[in-house]
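Inspection log for the structure reproduced underneath, given as structure tokens.
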Amino acid sequence: MTQYVAEQFTLEEGDILRRYFTNLDRPVFALVNLPEVVKGALFARYSRSAKSLRRLFLDEFVGELDISGDVTIDATVGLRRAEELYDRVFFEYGDDSVAQLGGVHLACEQASNILTKVLEWGRLMSYLEQSTRYIDYLARIGGRYRYFRDPEIGESPLSGRYVSDMDRMFEAYGQLLPAMADFYRQHAPKDSSSSDFAYRQAIRAKALDAVRGMLPAATVSNVGIYGTGQSYELLLLRMRAHNLPEVQSYADLMLAELRKVIPSFLKRVDLEDRGAAWSRYLGDVSETLESVADHLVPPNLPADDAPTVRLVDFDPQAEIKMVASMLYPYTHLPEEQLEREVRAMGAEDRLSVVRAYAGARANRRHKPGRALERPFYRFDILADYGAFRDLQRHRMLTIEWQELTPQHGFARPDAIGAAGCAPVFDEVMERSAALYHLLNRDFPEQASYAVCFAYKVRFAMSLNARSAMHLIELRTTPQGHSAYRRVGQEMWRLIRDEAGHTAIAEMMKFVDLSEEPPLGRLDSESRAEKRRHAEGRA
């Protein structure tokens, strides 16, 4: 059972690609010798395409670029000209700030949906991940369905069962996708104000949203990453300490490609007394904590019933402190004295400060300043893995999650039942759980590959009010997936009602509390089509 499928290119295609990509046959590669805007555009298109990045570049980008001056370049041999310059400052003297000044666009392909969450853990990096609502996952790679094949499982007696069950999950996903598209067409017929294209796109997104819970966590995805040398170093150190073999081996692939572009920034990663010692430290802490947790909190201890979202920590005095922070730059008073002055104010006076600070927000991108970083919230959330995947990518917060297992049950979209597709959906969930339990006996680290996105995972989010405003306003928009819309809406209600932070809730004026619309993306697709027509790209 091979892990990755090598892409095939003609000699002419390979001659072009080797000027801009650090290899032509591995799932991890860096982008070089291209304008930054082209790299960004490639990654943006990447998230909504079933194609690999190199194939996307050949099919949609190379014809728009002048590549005649790059004929003699071969990016696959590495770029080392600046290495000696950085060695003395960074490696010998340990000035980490130098490693914050060089960045790399890295394509990470054929990564499982367990690995993608590890890749997207760092705060100071940028990510674009292949979407489950713009592309289906039926397009095969090298004739195989798009799921990760773990080598250890592949060499075991469970190999046949693993492949068979995974294939049948994908077949069921493919069976329900057109059925759900037909269901939405029947229940949300096209009206005269919508174009055929926008309507088709909205129907497709809705159908993909409905069936994405049938995909197992082994489903492979493509992730585009931009980060500095320091961010990559920290990511690789964590990955090398991870207990999942896929994560460890992928770190080696990433290190090999990054060293072709920023070798000096990554010299410490595998040195015995530097990066290797750091990774061992991280691994030892994780292993010890797991043992301590098992001893003090028995794994078979029943979990209390809990709501989907619970606010577990906040500061009852947060709004007073926030108002003091809003006024602080405009006074000459010490903060403690200013806070006393704010406490002595009437509620209307404090609210007038908040409203002045928020200003006339015309859209959700108009965000008030950093005084909103004074209040904090911690939420404990139990949601399906699909919703977790979307929420986990927010970086200006702290998120911690538990192991993905079938034990918390699964969330089946109401539309699946209404369309008469519940038996097929539920059969996939049963197959997923059975495969998980089978794998868990011999391969506990890899067992989560079998768990479908519809199964629930528990995670905690700690964030300040400014980050909460961004997350909640973004994730409650009508075009969003219903699973994370519900999470965002409940977070807002808890801030307003349980924390009693009514002024903060009022500032979040673009929170959408409406019910799920019939075709959430229709308006968005219509606006996008109008922009394309205006720009002459239709």
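The values are calculated or read from the model by the stated rules, or taken from the named source; none is laboratory data. These numbers were taken from a predicted model, which means no experiment stands behind them. We place every Cβ from the backbone using ideal geometry, glycine too, and count neighbours over all the protein chains shown. The accessibility values were calculated without ligands, DNA or RNA, using every heavy atom of the protein model including side chains. Shrake-Rupley method; radii C 1.70, N 1.55, O 1.52, S 1.80 Å.
Once the other residues with Cβ under 14 Å from the Cβ of M429 are scored (Lys, Arg +1; Asp, Glu -1), what is the net sum?
Charge balance near M429 sits at 0.
Leaving out ligands, DNA and RNA but keeping every protein chain, what accessible area does D294 have, in Å² rounded to the nearest 10, with a 1.4 Å probe?
It works out to around 80 Å².
Of the listed pairs K39/K260; K190/K456; K117/K267, which have alpha-carbon separations greater than 29 Å here?
In this structure, K190/K456 exceed 29 Å between Cα atoms.
Would you grab the residues whose amide H sits under 5 Å from the one on S112? Only those 5+ places off in sequence or on another chain, please, with H modelled 1.01 Å from N.
Sorted by chain and number, the residues that satisfy this are S221.
Could you do me a favour and compute the accessible area per residue for the chain, 1.4 Å probe, result in Å²?
Counting only protein heavy atoms, the per-residue value for the chain is 47 Å².
How big is the stretch 154-223 by Rg and Dmax over its Cα atoms, in Å?
16.6, 57
Please report the relative contact order for the chain, taking Cα pairs under 8 Å with a sequence separation of at least 6, and give it as a percent rounded to a whole number.
Here the relative contact order equals 18 percent.
Principal axis extents for the stretch 102-202, Cα atoms only, whole Å, descending order, please.
55, 45, 22
From the square roots a ≥ b ≥ c of the eigenvalues of the alpha-carbon gyration tensor of the stretch 303-391, which class results: rounded (a/c under 1.5), prolate (a/b over b/c), or oblate?
prolate
Quantify, in whole percent, the carbon and sulfur part of the accessible surface of the chain (1.4 Å probe; protein heavy atoms only).
With neighbouring chains kept in place, the figure for the chain is 50 percent.
Run the simple label-point estimate for D167 and S514 please: 7 Å along Cα→C-beta, distance reported in nm.
Label-label distance for D167 and S514, simple model: 4.5 nm.
Over the alpha-carbon set of the chain, divide Rg by the Kirkwood Rh and report the Rg/Rh ratio to two decimals.
0.97
Starting from the alpha-carbon convex hull of the stretch 474-513, give the projected area averaged over all orientations, in nm².
Answer in nm², one decimal: 2.5.
Can you list the HN-Hα couplings for the stretch 419-425, worked out from phi with the Karplus curve (6.51, -1.76, 1.60; θ = phi - 60°), rounded to whole Hz and with x for Gly and Pro?
7, x, 9, 4, x, 5, 4
Say R0 is 30 Å: what FRET efficiency, to the nearest 0.05, do V285 and R370 get from their beta-carbon distance?
Between V285 and R370 the formula returns 0.40.
Shape verdict for the stretch 396-526, please, from the Cα gyration tensor: rounded (a/c under 1.5), prolate (a/b greater than b/c) or oblate.
Cα axes put the stretch 396-526 in the oblate bin.
Report the FRET efficiency, 1/(1 + (r/R0)^6), for D497 and A276, where r is their Cβ-Cβ distance and R0 is 56 Å, rounded to 0.05.
0.65
What does the charge dipole of the chain about its Cα centre add up to, to the nearest 20 debye, if the Cβ of each Lys and Arg holds +1 and the Cβ of each Asp and Glu holds -1?
1420 debye
Grab the other residues whose beta carbon is less than 10 angstrom from that of F443, score K and R as +1, D and E as -1, and report the net.
With Lys, Arg at +1 and Asp, Glu at -1, the neighbours total -3.
Taking all pairs of distinct Cα atoms, average 1/r, flip it, and tell me the Kirkwood hydrodynamic radius of the stretch 195-331 in Å to one decimal place.
That comes to 20.8 Å for the stretch 195-331.
Keeping all protein chains in place and using 1.4 angstrom, which order do W401, W278 fall into by accessible surface area, from largest down?
W278, W401
Which is the longest stretch in the chain that no exposed loop site breaks, taking sites as GluC sites (Glu not before Pro) with a DSSP loop state and at most 11 other Cβ atoms within 10 Å?
Value returned for the longest uninterrupted segment is 273-514.
Once the whole set of protein chains is in place, how much accessible area is left on T502, using a 1.4 Å probe, in Å² to the nearest 10?
T502 has an accessible surface of roughly 80 Å² with all protein chains in place.
Need one word for the stretch 279-336: rounded, prolate or oblate. Basis is the Cα gyration tensor (sqrt eigenvalues a ≥ b ≥ c); a/c below 1.5 gives rounded, then a/b vs b/c decides.
Here the stretch 279-336 falls in the oblate category.
Expressed as a whole number of Å, what is the distance separating the alpha-carbon centroids of the stretch 400-446 and the stretch 259-321?
Using only Cα atoms to place each centre, the spacing works out to 26 Å.
Could you give the length gained on full extension between A293 and R140, defined as 0.36 nm per residue of separation minus the Cα-Cα distance, in nm?
That works out to 51.0 nm of additional length.
For a Förster distance of 51 Å, can you work out the FRET efficiency between the beta-carbons of M345 and D305, rounded to the nearest 0.05?
After rounding, the FRET efficiency stands at 0.75.
Among the trypsin sites (Lys or Arg not before Pro) in the stretch 99-150, which ones are in a DSSP loop with at most 16 other Cβ atoms within 10 Å of the Cβ? Mind listing them?
Sparse-neighbourhood loop trypsin sites (Lys or Arg not before Pro): R123, R140.
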